[in-house]
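Data block below; observations after.
The values are calculated or read from the model by the stated rules, or taken from the named source; none is laboratory data. Computed from a prediction, not measured in an experiment: that's the story for all the values here. Cβ coordinates were reconstructed from backbone atoms using ideal geometry, including for glycine residues, and neighbour counts include every protein chain displayed. The protein model used for the area step is the full one, side chains on, heavy atoms only, and it has no ligands, DNA or RNA in it. Shrake-Rupley method; radii C 1.70, N 1.55, O 1.52, S 1.80 Å.
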Amino acid sequence: MKCPFCSSDDTRVVNSRPSDEGAAIRRRRECNACHRRFTTYERAQFEALMVRKRSGRREVFDPDKLLAKLSIACNKRPISDKQLRAFAYGFEDDVSLPEISSEEIGRRTLAFLKRLDDVAYIRFLSVYRDFDSVDRFIEEIRQLGGDRGTATQPTLDELAEESERSR
Ligand SMILES: [Zn+2]
């Protein structure tokens with residue numbers, strides 16, 4: 001099993017236990033190269049986390065897809081690949097239900113980005129959340145400004161520009 005953080009092949013199982021009442025085996029692994037830990041689940045494919053799309057269609061959750069979207073939103077921002085990988089590959093661990101809506105994935109991703117970087121947050125917001133009006137989008141940005149407000153934060157105009165560029 002490859003380490004999702006540094007891609008080393010040198011990983012070992014720290015512990016292993018049944019999960020979901022025996023429907024899966026949860027393995028805690030540690031990378032011998034970077035010493036970070038991650039979790040793998042061994043389960044029948046139909047038990048995989050399902051994503052319910054807005055269209056009503058369902059598909060298996062794919063952490064690589066989430067990582068790709070995050071990478072676009074965080075392009076040239078001061079966020080490490082490690083942070084993004086930890087979030088994308090750890091995502092399933094925090095979901096206790098067998099199914100999650102794509103909106104909920106978006107919400108959790110936005111909460112994660114909001115803690116890291118305003119520009120990445122706005123980029124993700126502008127691309128992956130539908131706004132029924134420009135006003136609501138502006139309102140969202142305004143709230144973001146109100147939450148913090150130190151001198152180093154980008155201004156409203158800068159954020160709006162950023163979101164334009166990332167479209
Ligand atoms: Zn590693």
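Show me, bin by bin at 5 Å from 0, the whole-percent P(r) of segment 1-47 based on Cα pairs.
5, 25, 26, 18, 15, 9, 2
Given a Förster distance of 41 Å, report the FRET efficiency between residue 115 and residue 10 from their Cβ-Cβ distance, rounded to the nearest 0.05.
Values: r = 31 Å, r/R0 = 0.76.
Using R0 = 41 Å, I get an efficiency of 0.85.
Taking H placed 1.01 Å from N in the peptide plane, check which residues at least 5 places from residue 100 or on another chain put their amide H under 5 Å from its amide H.
Residues meeting the criterion, in which the H sits 1.01 Å from N, are 50, 51, 52.
Within the set 2/82; 53/82; 2/76, which residue pairs have Cα atoms separated by over 23 Å? Present the calculation step by step, with values, prior to reporting the outcome.
Values: 2/82 14 Å; 53/82 27 Å; 2/76 26 Å.
Beyond 23 Å between Cα atoms: 53/82; 2/76.
List residues of segment 84-124, by number, whose backbone nitrogen lies under 19 Å from a label position 7 Å along Cα→C-beta of residue 60.
Within reach of a label on residue 60, which here means backbone N under 19 Å from a point 7 Å along Cα→Cβ, segment 84-124 contributes 88-102.
At 37 °C and 0.692 mPa s, grab the translational diffusion coefficient of segment 52-98 from Stokes-Einstein with a Kirkwood Rh over Cα pairs, rounded to a whole number in µm² per second. Kindly include the intermediate steps, with their values, before the conclusion.
Details: Rh = 11.9 Å.
For these conditions, the coefficient is 275 µm²/s.
Let me check something: with ligands and nucleic acids excluded, how do 103, 21 order by accessible area (1.4 Å probe), largest to smallest?
Numbers: 103 70, 21 190 Å².
Per-residue accessible area, sorted high to low, gives 21, 103.
How large, in percent, is the carbon and sulfur part of the accessible surface of segment 1-47 at a probe radius of 1.4 Å? Kindly include the intermediate steps, with their values, before the conclusion.
Details: 1330 of 3080 Å².
Percent of accessible area from carbon and sulfur atoms in segment 1-47: 43.
Quick one: if the Förster radius is 25 Å, what FRET efficiency do residue 75 and residue 19 give, using the C-beta to C-beta distance and rounding to 0.05?
Details: r = 36 Å, r/R0 = 1.42.
Computed FRET efficiency for residue 75 and residue 19 comes out at 0.10.
Which order do peptides 8-14, 92-98 fall in by mean Cβ count within 10 Å, highest first?
Details: 8-14: 12.6, 92-98: 10.9.
Per-residue mean Cβ counts within 10 Å order the peptides as 8-14, 92-98.
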